[in-house]
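Below: the structure, in structure tokens.
The values are calculated or read from the model by the stated rules, or taken from the named source; none is laboratory data. Remember, predicted model here, so these are calculated numbers, not experimental data. Cβ coordinates were reconstructed from backbone atoms using ideal geometry, including for glycine residues, and neighbour counts include every protein chain displayed.
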Amino acid sequence: MSFRKTLPIALLALLVSTSCLAASAKSLLEELRRTYDSTRDLSGRFVQTSHLAAAGMDRVVTGKVVFKKGGKMRWTYEGDDPQEIVSDGKTLWIYQVRDRNAVRKDLAGLPASSRLALDLLSGFEGVADAFDVKACGDACLELRPRESRAELTRVMLQLEPKAREVRSVTTEDSLGNRTRVDLKDLRWNTGVKDDVFNFKPPRGVEVLEAPGGGG
């Protein structure tokens, strides 16, 4: 698996929960819900650090991210391998600029366990079905899938201790690959416009349908 492919896999593998949470985990999740329920939009920068276990190598990329209520989001990856992950609330696009292809997916077709890192503003709904969750400190949650999944064995959420906001999301797979996304310079409720989340594949870009996708 290449560094380039860990991004969509990591980002499409993240939301969730358990039906028997420890009291401390329940408390942390409730605080997170309150934080994001009152948020209309959120924007900032991110740093993604990917560790490829087989090669023993790390790669760091940076970019910008914007969220808005209603499943709207835009992740812009900078550097020598730019990518865009965009949702208008109905359709999710993964546009790989260098490969000149764009994968289209019906957002409604994504399982609940796939939306946490993609969409923080709605990612904490229905947290009770897919993962066993426990607190791993005063400002940390560990999520493990209740059903075996090679592409996702653990998710770690690191919170800002006082504000109870997500500051980083780390995912691991069965091969020992690890991806950590740190959120930086966050701005809350600035009135982000809906057209930020529009995406039209550029001329000459191949459009691919994800399984279950379409439009």
**Asked** Do any residues in the range 94-106 that are farther than 11 Å from Val207 by Cα have Cβ atoms under 6 Å from those of residues that are modelled with pLDDT of 95 or more and loosely packed, with under 15 Cβ neighbours inside 10 Å, where the two are at least six apart or on different chains, and which pairs are they?
**Response** Val97/Pro82
**Item:** The lone exception for Arg146 - which of (1) modelled with pLDDT of 85 or more; (2) over 20 Å from Gly63 (Cβ atoms); (3) not aliphatic (A, V, I, L, M) it fails
**Value:** (1)
**Prompt:** Somewhere in the range 107-127, is a residue surrounded by fewer than 20 Cβ atoms within 10 Å (Cβ to Cβ), at pLDDT 85 or above and not charged (D, E, K, R)?
**Reply:** no
**Complete:** Taking first residues from the range 169-186 that are without any contact (Cβ under 8 Å) to a residue 40 or more places away in the chain and on the phi < 0 side of the Ramachandran plot and second residues anywhere that are surrounded by fewer than 20 Cβ atoms within 10 Å (Cβ to Cβ) and among the polar types (S, T, N, Q), the pairs with Cβ under 6 Å that are 6 or more apart or on different chains are Glu172/Thr153; Ser174/Thr153
**Asked** Which residue out of Val169, Val205 is under 22 Å from Arg74 (Cβ atoms) and within 19 Å of the chain's Cα centre (by Cα)?
**Response** Val169
**Prompt:** Within the range 21-61, which residues are surrounded by 15 or more Cβ atoms within 10 Å (Cβ to Cβ), in contact with a strand residue (DSSP E or B) (Cβ under 6 Å, 6 or more places away or on another chain) and part of a strand (DSSP E or B)?
**Reply:** Asp41, Leu42, Ser43, Arg45, Phe46, Gln48, Thr49, Ser50, His51, Arg59, Val61
**Prompt:** Where residues in the range 183-203 are within 17 Å of Ile85 (Cβ to Cβ) and among the aliphatic types (A, V, I, L, M), which of them is surrounded by the fewest Cβ atoms within 10 Å (Cβ to Cβ)?
**Reply:** Val196
**Asked** Is there a residue being under 16 Å from Val66 (Cβ atoms), surrounded by 14 or more Cβ atoms within 10 Å (Cβ to Cβ) and either out of contact with any His (no Cβ under 8 Å at 6 or more places or on another chain) or of a type in the set (Val, Ile, Thr) (or both) anywhere in the range 170-182?
**Response** yes
**Message:** Going through Val103, Val65, Val97 one at a time, which residue ends up being crowded, with 21+ Cβ neighbours inside 10 Å, at pLDDT 95 or above, of a type in the set (A, V, I, L, M) and closer than 21 Å to Ser50 by Cβ?
**Reply:** Val65
**Asked** Does Ser2 satisfy being at pLDDT below 80 and surrounded by fewer than 15 Cβ atoms within 10 Å (Cβ to Cβ)?
**Response** yes
**Flag for Ala130 being aliphatic (A, V, I, L, M), surrounded by fewer than 19 Cβ atoms within 10 Å (Cβ to Cβ) and at pLDDT below 80** = no
**Request:** Report yes if Thr18 is buried (at least 18 other Cβ atoms within 10 Å of the Cβ), at pLDDT below 95, over 17 Å from Arg167 (Cα atoms) and of a type in the set (Val, Ile, Thr), otherwise no.
**Result:** yes
